[in-house]
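Colleague: One structure, as structure tokens, below. Some questions next.
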Amino acid sequence: MMTKTLYAEFTVKSGSEVRVAEMMRELTEKVRQEPGNQLFLPYTRQTNPREYFVFEVYADDAAFQEHITADYGAKFNGELASHIEEDGSVLTWLDAVD
């Protein structure tokens, strides 16, 4: 089985910083409890704390599917859309270098 590794990035609109930080703390707690989640690390850019980067690793495709279909994830993404500059999180899929 291949792990699913990605990072998501988005930029928070001015004035939404506190709410998004709260949302991210709540989501992080829930995602880290998913059986197939191996890593979920949210960061902000040191020079611009409105820019978020989330490094994520899931055990396999099934674990990632479980993650993206979780009701709390849908709620998070639905609310996040009104707080960020992009249309949604920009996802970058990663492959390990052997």
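Read-outs: derived from the displayed coordinates by stated rules, not from any lab. The model shown is predicted, which means the values in this text are computed figures rather than measured ones. Positions of Cβ are backbone-derived with ideal geometry, glycine not excepted, and every protein chain shown enters the neighbour counts.
Colleague: How many residues, within region 69-98, are surrounded by 12 or more Cβ atoms within 10 Å (Cβ to Cβ), among the hydrophobic types (A, V, I, L, M, F, W, C) and not in a strand (DSSP E or B)?
Modeller: The qualifying residues number 4.
Colleague: Could you tell me how many of the residues in region 34-78 are β-branched (Val, Ile, Thr) and under 11 Å from the mean Cα position of the chain (by Cα)?
Modeller: Narrowing region 34-78 to residues β-branched (Val, Ile, Thr): 44, 47, 54, 57, 68-69.
In the following step, the residues that additionally are under 11 Å from the mean Cα position of the chain (by Cα) were identified as 54, 57, 68.
So the answer is 3.
Colleague: Out of all the residues in region 37-52, is one or more closer than 20 Å to Glu85 by Cα, touching an Asp or Glu at 6+ places or on another chain (Cβ under 8 Å) and of a type in the set (S, T, N, Q)? Walk me through it before giving the result.
Modeller: Taking region 37-52 as the starting set, the residues that turn out to be closer than 20 Å to Glu85 by Cα are 42-52.
Right, trim to touching an Asp or Glu at 6+ places or on another chain (Cβ under 8 Å) and you get 44-45, 49-52.
If we keep only those that are of a type in the set (S, T, N, Q) too, we end up with 44.
Yes: one or more hits.
Colleague: Another question about this same structure. Of all residues in region 10-48 being surrounded by 12 or more Cβ atoms within 10 Å (Cβ to Cβ) and hydroxyl-bearing (Ser, Thr, Tyr), which is nearest to Asp60 (Cα to Cα)? So that I can check it myself, show each step before the final result.
Modeller: In the first step, residues of region 10-48 are kept if they are surrounded by 12 or more Cβ atoms within 10 Å (Cβ to Cβ); the result is 10-13, 16-17, 19-21, 23-24, 26-28, 30-32, 34, 36-45.
Pick out the ones that are also hydroxyl-bearing (Ser, Thr, Tyr) and you get 11, 16, 28, 43-44.
Details: Thr11: 28, Ser16: 33, Thr28: 19, Tyr43: 23, Thr44: 26 Å.
Restricting to residues being surrounded by 12 or more Cβ atoms within 10 Å (Cβ to Cβ) and hydroxyl-bearing (Ser, Thr, Tyr), the top hit is Thr28.
Colleague: Can you give me the number of residues within region 7-33 that are in a strand (DSSP E or B), hydrophobic (A, V, I, L, M, F, W, C) and under 11 Å from the mean Cα position of the chain (by Cα)? It would help to see each step written out before you state the result.
Modeller: To start, the set of residues in region 7-33 that are in a strand (DSSP E or B) comprises 7-12.
From what is left, the residues that are hydrophobic (A, V, I, L, M, F, W, C) are 8, 10, 12.
This time we only want the ones that are under 11 Å from the mean Cα position of the chain (by Cα), so: 8, 10.
Here the count works out to 2.
Colleague: Taking the conditions exactly as written (part of a strand (DSSP E or B), of a type outside the set (A, V, I, L, M), in contact with a Ser or Thr (Cβ under 8 Å, 6 or more places away or on another chain) and surrounded by fewer than 17 Cβ atoms within 10 Å (Cβ to Cβ)), does Glu56 satisfy them or not?
Modeller: Values: part of a strand (DSSP E or B): yes; of a type outside the set (A, V, I, L, M): yes; in contact with a Ser or Thr (Cβ under 8 Å, 6 or more places away or on another chain): yes; surrounded by fewer than 17 Cβ atoms within 10 Å (Cβ to Cβ): no.
In short, no.
Colleague: Can I ask one more? Considering only region 61-89, state which residues are β-branched (Val, Ile, Thr) and over 19 Å from Leu39 (Cβ atoms).
Modeller: So in region 61-89, the residues β-branched (Val, Ile, Thr) come out as 68-69, 84.
Passing the criteria: Thr69, Ile84.
Colleague: Another question, then. State which residue pairs qualify: first residue without any contact (Cβ under 8 Å) to a residue 60 or more places away in the chain and at positive phi and inside region 44-71, second residue of a type in the set (A, V, I, L, M, F, W, C) and surrounded by 12 or more Cβ atoms within 10 Å (Cβ to Cβ) in any location, beta carbons under 6 Å apart, and separation of 6 or more residues or different chains.
Modeller: none
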